[in-house]
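Input: a single structure, listed below in structure tokens.
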Amino acid sequence: MDFESLPSRRDLLDLAMRAAALSGAAEFFAGWLKAAQDHHGAGEHAAPPEPPFLRDYQPKFFEPDDFEALQAFTEILIPTDDTPGAREAHCAHYIDFVLQASGQVPKTQRAWRNAMRALKSVGFHAADAKGREALVEAMSQPERDSSARHPGYFAYRLIKAQNTFAFYSSRAGMIETLDYKGDTYNATFPACNHPEHQVV
């Protein structure tokens with residue numbers, strides 16, 4: 001698989017901008033952002049209430065079985081712990097919604113169709129939760145070992161890139177996980193206090 005077809009940050013921003021112009025975009029993004037905000041009011045270990053808009057969401061780009069597999073994959077990559085994960089950020093919903101705007105970008109559509117075929121061929125769709133976790137671990141191996149190969153590695157890289165973008169664009173990722181408080185400036189610039197950085 002051609003890794004040059006993996007999306008750049010510019011590609012992801014372009015796709016998001018295209019999606020913002022779609023019919024229903026205002027409703028989708030308003031619901032998506034509200035859903036992420038709802039997590040803040042949930043109990044420490046309670047799942048946030050899923051708005052009907054997202055609970056009843058019908059995939060726009062993916063087939064239903066591919067969308068379900070994508071949801072599972074995103075939640076393995078960014079699991080829920082003491083901070084929200086891909087589930088609370090509805091990353092799969094975001095990915096599906098913006099990909100319907102890829103009609104003018106055939107390369108993007110081909111890459112995602114190929115990725116989902118690769119996931120199916122390695123058995124991800126049919127696997128149970130533990131099997132899916134093991135497959136994601138195996139697919140990610142070439143990332144850590146340059147001599148390793150896996151037929152699902154391209155799918156892993158593609159989903160990881162879009163999932164990361166979706167998560168850290170969401171309220172759950174930006175505000176609740178990174179604790180972003182808006183643009184600020186430093187009144188002082190404390191010096192580095194790491195001893196190893198004091199040697200010239």
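The values are calculated or read from the model by the stated rules, or taken from the named source; none is laboratory data. Model, not experiment: these values are computed from the prediction. Reconstructed Cβ throughout: ideal geometry from the backbone, glycine too, with neighbour counts over all protein chains shown.
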Handout entry: helices (runs of 4 or more DSSP H) completely within segment 64-176 that count 3 or more residues being at pLDDT below 95 and closer than 18 Å to Leu54 by Cα
Key = 86-89, 91-99, 153-169
Exercise for the section: Kindly check whether there is at least one residue in segment 65-79 that is among the β-branched types (Val, Ile, Thr) and over 11 Å from the mean Cα position of the chain (by Cα). Expected result: no
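Conditions tested, residue by residue: (1) surrounded by 12 or more Cβ atoms within 10 Å (Cβ to Cβ); (2) out of contact with any helix residue (DSSP H, G or I) (no Cβ under 7 Å at 6 or more places or on another chain); (3) farther than 17 Å from Phe154 by Cβ.
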| site | (1), (2), (3) |
| --- | --- |
| Asp65 | yes, yes, yes |
| Phe73 | yes, no, no |
| Glu88 | yes, no, yes |
| Glu133 | yes, no, yes |
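Yes or no, residue by residue, for (1) surrounded by 23 or more Cβ atoms within 10 Å (Cβ to Cβ); (2) among the β-branched types (Val, Ile, Thr):
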residue	(1), (2)
Thr83	no, yes
Cys91	yes, no
Ser102	no, no
Arg113	no, no
Lys120	no, no
